[in-house]
Amino acid sequence: MESEVLVDSNIFINLMKYHGDPAPWLYRWAGIRNLAICGMVRMEVLRGVKSPKVCRGLNDFMDVMVNIPATNRLWDDAAALAWKLDRKGLVIPGTDVVIAASALAIGAAVLTSDVHFKSIEGLRVIAPPKEWFT
């Protein structure tokens, strides 16, 4: 079985923009992969949802994904990663650093269209299928 894939917030947001409910699209794409999420992605996605019904549905879907806990160790790893990137002149938004640290914590790839993640050494990045957003 392939390892987990952490779904970035931009994937959820763009799937909602183009197709409504992102769950069926992600479920079909995942196949044998386990989809993962972290608290930062959950917050970024759910804060922008206007409908309580849609919010509940997304929250339920996120509950069955692999949830990466935000432990003190994760925050320490994120701070160390941000420090390392900054020393290289790569200033990446803190939210993206936390998402990357979450993926690295469980050995997951990140499904994203955000270019920031490609700068992070050791992080596997998967681009979404182009047909999702055309």
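Lysine pairs in the chain whose alpha-carbon atoms fall under 16 angstrom of each other, counting only those eight or more residues apart or on distinct chains, come to 4.
For Tyr18, the accessible area of its heavy atoms, probed at 1.4 Å with every protein chain present, is near 100 square angstrom.
Is the C-alpha gyration tensor of the stretch 6-77 telling us rounded, prolate or oblate? Criteria: a/c under 1.5 is rounded; beyond that, a/b larger than b/c is prolate, otherwise oblate. It comes out oblate by the Cα gyration axes.
Think of the chain as a dipole: +1 on every Lys or Arg Cβ, -1 on every Asp or Glu Cβ, centred on the Cα centre; then among Phe12, Trp29, Leu85, Phe12 lies furthest on the positive end. Ser119 exposes around 50 Å² of accessible area when a 1.4 Å probe is run over every protein chain in place.
Does a label point 7 Å from the Cα of Val54, set along Cα-to-beta-carbon, have any residues of the stretch 1-29 with amide nitrogen under 17 Å, and which are they? From the stretch 1-29, the list is 9-26.
Placing +1 on each Lys and Arg Cβ and -1 on each Asp and Glu Cβ, with no other charges, gives the stretch 15-87 a dipole about its Cα centre of roughly 200 debye. Between Val66 and Ala79, the simple spin-label model (points 7 angstrom out along Cα→Cβ) gives 2.7 nm. Accessible area per residue was computed with a 1.4 Å probe on protein heavy atoms; Glu44 scores about 50 Å².
Under Stokes-Einstein, with the Kirkwood radius over Cα pairs as Rh, the value for the chain at 20 °C and 1.002 mPa s is 141 µm²/s.
Using helices alone, I'd like the mean residue ellipticity at 222 nm for the chain: each DSSP H run of four-plus residues gives -39500 (n - 2.57), total over residue count, nearest 500.
That calculation yields -15500 deg cm²/dmol at 222 nm.
When only Cα pairs below 8 angstrom with a gap of at least 6 residues are kept, the chain shows a relative contact order of 32 percent. Applying 1/(1 + (r/R0)^6) with r as the Cβ-Cβ distance of Lys130 and Lys88 and R0 = 30 angstrom yields a FRET efficiency of 0.50.
Under 5 Å from the amide H of Leu111 lie the amide H atoms of Leu6, Val7, Asp8, Ile126, each residue being 5 or more positions distant or on a separate chain, with H modelled from the backbone and absent for Pro and chain starts.
The values are calculated or read from the model by the stated rules, or taken from the named source; none is laboratory data. As the structure is a computational prediction, the values presented were derived from the model and not from experiment. Because the Cβ atoms are built from the backbone with ideal geometry, glycine has one as well, and the counts that use them run over all protein chains shown. Side chains are part of the model used for accessible areas, which takes the heavy atoms of the whole protein and leaves out ligands, DNA and RNA. Shrake-Rupley method; radii C 1.70, N 1.55, O 1.52, S 1.80 Å.
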